[in-house]
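Quick notes on the structure that follows.
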Amino acid sequence: MTDASAQGFRTDDEASADCALLLTPRLSLRRPVPADVDAVLAIHRDPRTCLHNPSDALTRRAEAEALCRSWHDQWERHGYGCWVVRRQEGPERIGLCGITTTRLNGIGVLNLFYRFAPAFWGRGFAAEAATAVVGWAARRGPGLPLVARIRPENTASRRVAVRAGLTRARHLDGPGVDGFEQVFAVEPHPYPPPH
């Protein structure tokens, strides 16, 4: 039994990059398709979802299309990216979770990303999805350090990171696009501090 199986998570190992799939006890995480654009827009248009990261807010469908295209391109180039999250018993898209590449203090890292529609907050869905993605990255990711950059006042996001297995890496805290960010990382924290 794999570590993921022991935690109740499994992957569809027969899935190609075109239909990457993660399953958890309650959720189905699938690679975005064009039909997901409206859901991506709805999640990013709600001011509550981007309260701590206003630069992520979207207002027009064309912006959501561009974001989905960038996720598609990342999947094509790197074999990983953002998943659209649904409950297993229904087709409704309830959130987004995945990994993107970025630079932190001059080194390449994977950034754990999660954002859910407010109607689904407080039920543990984000932590469940993030845990699946962290496990997937450990098994099949490119071997880059995995971090989550979180605004200090975003206590819900900090709880999700911890529940997904990340711990504080204070030596990596610093400025981000929308203000000061606290960094959480997968143990151990071999990453260099800022210069």
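The values are calculated or read from the model by the stated rules, or taken from the named source; none is laboratory data. Everything numeric here is computed off the predicted structure, so don't read it as measured data. When we count neighbours, we look across all protein chains shown, and the Cβ atoms used for this are built from the backbone with ideal geometry, even at glycine. Please note that ligands, DNA and RNA were not included when accessible areas were found on the heavy atoms of the full protein model with its side chains. Shrake-Rupley method; radii C 1.70, N 1.55, O 1.52, S 1.80 Å.
Points to keep in mind about this one:
- Amide hydrogen neighbours beyond the local backbone of Thr24, cut-off 5 Å, H modeled: Leu29
- For segment 26-138, the Rg and Dmax computed from alpha carbons only, in angstrom: 13.5, 43
- Heavy atoms of Phe125 accessible to a 1.4 Å probe, total area in Å² rounded to 10: 10 Å²
- Total charge dipole magnitude, the chain, about the Cα centre, Cβ charges on Lys, Arg, Asp, Glu only, Debye to nearest 20: 400 debye
- Note on segment 74-171: semi-axes of the ellipsoid equivalent to its C-alpha gyration tensor, largest first and rounded to whole Å, are 22, 18, 11.
- When only alpha carbons of segment 52-117 are considered, Rg and Dmax amount to 13.3, 43 Å.
- With the alpha-carbon atoms of the chain aligned to their principal axes, the span from lowest to highest coordinate is 45, 44, 34 Å, starting with the largest.
- Loop-located GluC sites (Glu not before Pro) in segment 66-157, at most 15 other Cβ atoms within 10 Å (DSSP): Glu89, Glu92, Glu153
- Available extension along the chain between Thr102 and Asp178 is 25.8 nm, counting 0.36 nm per residue and deducting the alpha carbon span.
- Taking all protein chains together and rolling a 1.4 Å probe, Arg30 ends up with roughly 110 Å² accessible.
- Cα gyration tensor shape of segment 115-195, rounded if a/c is under 1.5, else prolate or oblate by comparing a/b with b/c: oblate
- Area accessible to solvent at Asp38, 1.4 Å probe radius, in Å²: 90 Å²
- Interchain or long-range residues, amide H under 5 Å from Arg151's placed H: Gln182
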